[in-house]
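Chemist: This is the structure, below, for whatever I ask next.
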Amino acid sequence: MKKVLITGFEPFGGEQINPSYEAIKNINRSHLNCELFILEVPTEFYNSSKIVIETMHKIEPDVIILVGQAGGRKEISIERVAINIDDSNIGDNRGIKPIDNVISIFGENAYFSSLPIKTILEKLRNNYIPAGISNSAGTYVCNHLMYNVLHELKERGLHQVQAGFIHVPYIPEQTINKQNLFSLDLNVITKALEIIIETTLNQ
Ligand code: PCA
């Protein structure tokens, strides 16, 4: 049976919860034909990738799906690419605020998701879940994690491992006191992630 590692983040930026971790906790294993490992990752530049890369070498998954919150976005964002830059105007959960920092001096400028992003898009839309391809995962901790995981897989020659990043919108309890912000029900986000896992396994 294939192994899937799926990660979500701790809350950050003053939020009480992070829908990425809430959603992966609710995934129904009986819906999936795989061994599923879930991991909560600190929203910290350095520790996020350290913990995920250590876990990945321990578990040796076939598929890695990294998930994060993108508050304000109106759909499940299937990220296409991670870029070699850390640049942030809010601190991470340790207060680290890199400006124009290269993530890896030996790394490529960018790495592409190896998930079947277009098939995932089609499957999500077939299930009436709002979804789109995103061409930027930003320059904060999510991009940093995506970049480092794809860089590590390339450096280690682990070309058979499929990995990528999914950004999810806020859930309703996060937007109740904020005006004009889109939110998506947690159950819909969880279902989207189940579809993403299944689609990747079936490719
Ligand atoms: N979203 C942030 C980092 C943690 C998270 O859930 C991001 O988009 O970079």
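The values are calculated or read from the model by the stated rules, or taken from the named source; none is laboratory data. What you see is a predicted model; the values in this text were computed from it and never measured. A quick note on method: Cβ atoms are made from the backbone with ideal geometry, for glycine too, and the neighbour counts reach across all protein chains shown. When the accessible area is computed, the model is the full protein with side chains, heavy atoms only, and any ligands, DNA or RNA have been set aside. Shrake-Rupley method; radii C 1.70, N 1.55, O 1.52, S 1.80 Å.
Chemist: Over the stretch 115-166, give the accessible area per residue in Å² for a 1.4 Å probe, as an integer.
Modeler: On a per-residue basis, the stretch 115-166 sits at 43 Å².
Chemist: For Asn187 and Asn89, what does the FRET efficiency come to when R0 = 41 Å and r is the distance between their Cβ atoms, rounded to the nearest 0.05?
Modeler: It comes to 0.80.
Chemist: Pull up all non-local amide H partners of Glu35: gap of 5 or more, or a different chain, and H-to-H distance under 5 Å with H placed in the peptide plane.
Modeler: Lys2, Lys3, Val4
Chemist: Roughly how far apart, in whole Å, are the Cα centres of the stretch 170-190 and the stretch 1-31?
Modeler: 16
Chemist: Rounded to the nearest 5, what is the percent of antiparallel bridges among the DSSP beta bridges in the stretch 60-203?
Modeler: Antiparallel bridges: around 35 percent, rounded to the nearest 5.
Chemist: May I ask for the longest run of the chain untouched by GluC sites (Glu not before Pro) that are loop-located per DSSP and have at most 16 neighbouring C-beta atoms (other than their own) within 10 Å?
Modeler: In the chain, the maximal stretch lacking such sites is 109-203.
Chemist: If you don't mind, another one. Once neighbouring chains are kept in place and the probe is 1.4 Å, which whole percent of the accessible area of the chain is contributed by carbon and sulfur?
Modeler: Using a 1.4 Å probe with all protein chains present, the chain comes out at 47 percent carbon and sulfur.
Chemist: I've got another one for you. Name the long-range amide H neighbours of Ile76: under 5 Å, sequence gap of 5 or more, or other chain; modelled H, no Pro or chain starts.
Modeler: Counting only residues 5 or more places away or on other chains, the set is Ala131, Gly132.
Chemist: Magnitude of the Cβ-charge dipole of the stretch 117-165, K/R +1 and D/E -1, about the Cα centre, nearest 20 debye?
Modeler: Rounded to the nearest 20 debye, it is 140 debye.
Chemist: A further question follows. Using a Förster radius of 35 Å, what is the FRET efficiency between Glu155 and Asn177 based on their Cβ-Cβ separation? Nearest 0.05, please.
Modeler: Taking R0 as 35 Å, the efficiency between Glu155 and Asn177 is 0.20.
Chemist: Towards the positive end of the charge dipole of the chain, with charges on Cβ (+1 Lys, Arg; -1 Asp, Glu), say which of Met146, Val63, Gly91 has the farthest Cα.
Modeler: Val63
Chemist: Right, something else. How far apart, in nanometres, would the label points at Lys74 and Ser136 be if each is projected 7 angstrom from Cα along the Cα-to-Cβ direction?
Modeler: 1.8
Chemist: If the only charges are +1 at each Lys and Arg Cβ and -1 at each Asp and Glu Cβ, what is the size of the charge dipole of the stretch 45-169 around the Cα centre, to the nearest 20 debye?
Modeler: Around 320 debye, computed over the stretch 45-169.
Chemist: R0 = 22 Å: FRET efficiency of Lys50 with Phe106, Cβ-based, nearest 0.05?
Modeler: 0.80
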